[in-house]
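Student: Attaching a single structure in structure tokens format; questions to follow.
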Amino acid sequence: MSNVAFLLANDFEDSEMKVPYDEVIKAGHQADIIGLKKGETLLGKKKEVSYATDKAIADVQAGSYDAIVIPGGSSPENLRQNADILKFVKEANEAGKPIASICHGPQILISADLLKGRTITCYPPLKDDVVNAGAEFKDEEVVVDRNYITSRTPKDEPAFVREILKVLQ
């Protein structure tokens, strides 16, 4: 059983949180929703789902988790300037832990300066941002580059989830 951190803030893309979260739990793994504050209720941008944060980012260590999932929507934009979020993903990356980000999720990796020399995908309008951050962009449903798993949009969720579950086995 793996312990997976979901980094979340308000206005996340509903299905990009719900689908991977439900599938990770269904596969028997532990999942913690980590936000800026513990016990905060976060609402998806389509208002279809909401989640309460299990823990505050200031209270967790990357070493406690086997993988990180970063759903898209406006959530990454709401998290990317937080020093604790950036430290968390940097430490996880240094340890080679899987970091799965979909849609706008790579914005956090851009802010943490973790894209140089990497190959990823993301929401296509962010292509210039990831290229300017030093990554090679591929317009594919899922791109796996060492410990990074990236996808573009909700339609890519089946491939995104498949690759997350593969690394958690």
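Student: Considering Cα pairs under 8 angstrom that are at least six residues apart, work out the relative contact order of region 1-62 and quote it in whole percent.
Tutor: Details: 107 pairs, mean separation 22.7, N = 62.
Across region 1-62, relative contact order equals 37 percent.
Student: Report, in debye and to the nearest 20, how large the dipole of the chain comes out about its Cα centre when Lys and Arg carry +1 and Asp and Glu carry -1 on their Cβ. Working shown, then result.
Tutor: On the way: 21 positive and 27 negative charges, 26 e Å.
About 120 debye.
Student: Further question on the same structure: Per residue, how large is the accessible surface of region 1-61? Use a 1.4 angstrom probe and give square angstrom.
Tutor: Details: 2880 Å² over 61 residues.
That works out to 47 Å² for each residue.
Student: Name the long-range amide H neighbours of THR153: under 5 Å, sequence gap of 5 or more, or other chain; modelled H, no Pro or chain starts.
Tutor: CYS103
Student: For ASP156, ASP145, ASP113, write out the residues from largest to smallest accessible area, computed with a 1.4 angstrom probe and no ligands counted. Before the final figure, lay out each step's value.
Tutor: Numbers: ASP156 5, ASP145 25, ASP113 90 Å².
Solvent-accessible surface, decreasing: ASP113, ASP145, ASP156.
Student: For region 1-156, what relative contact order do you get, as a whole percent, if you take Cα pairs closer than 8 Å and at least 6 residues apart?
Tutor: 20
Student: Along region 70-85, what does the Karplus equation 6.51 cos²θ - 1.76 cosθ + 1.60 (θ = phi - 60°) give for ³J(HN,Hα), rounded to whole Hz, x for Gly and Pro?
Tutor: 10, x, x, x, 8, 4, x, 4, 7, 10, 5, 9, 7, 4, 5, 4
Student: Continuing with the same structure: Sum -39500 (n - 2.57) across every DSSP H segment of at least 4 residues in the chain, then divide by the residue count to get the 222 nm mean residue ellipticity, nearest 500.
Tutor: Details: 6 runs with 54 residues, N = 169.
One gets -9000 deg cm²/dmol as the mean residue ellipticity at 222 nm.
Student: Over the heavy atoms of LEU36, what accessible area does a 1.4 Å probe trace out, to the nearest 10 Å²?
Tutor: About 80 Å², rounded to the nearest 10.
The values are calculated or read from the model by the stated rules, or taken from the named source; none is laboratory data. Everything quoted here is computed from the prediction, not taken from an experiment. Cβ: placed from backbone, ideal geometry, glycine included. Neighbour counts: every protein chain shown. Quick note on the areas: whole protein, heavy atoms, side chains included, nothing else; ligands and nucleic acids left out. Shrake-Rupley method; radii C 1.70, N 1.55, O 1.52, S 1.80 Å.
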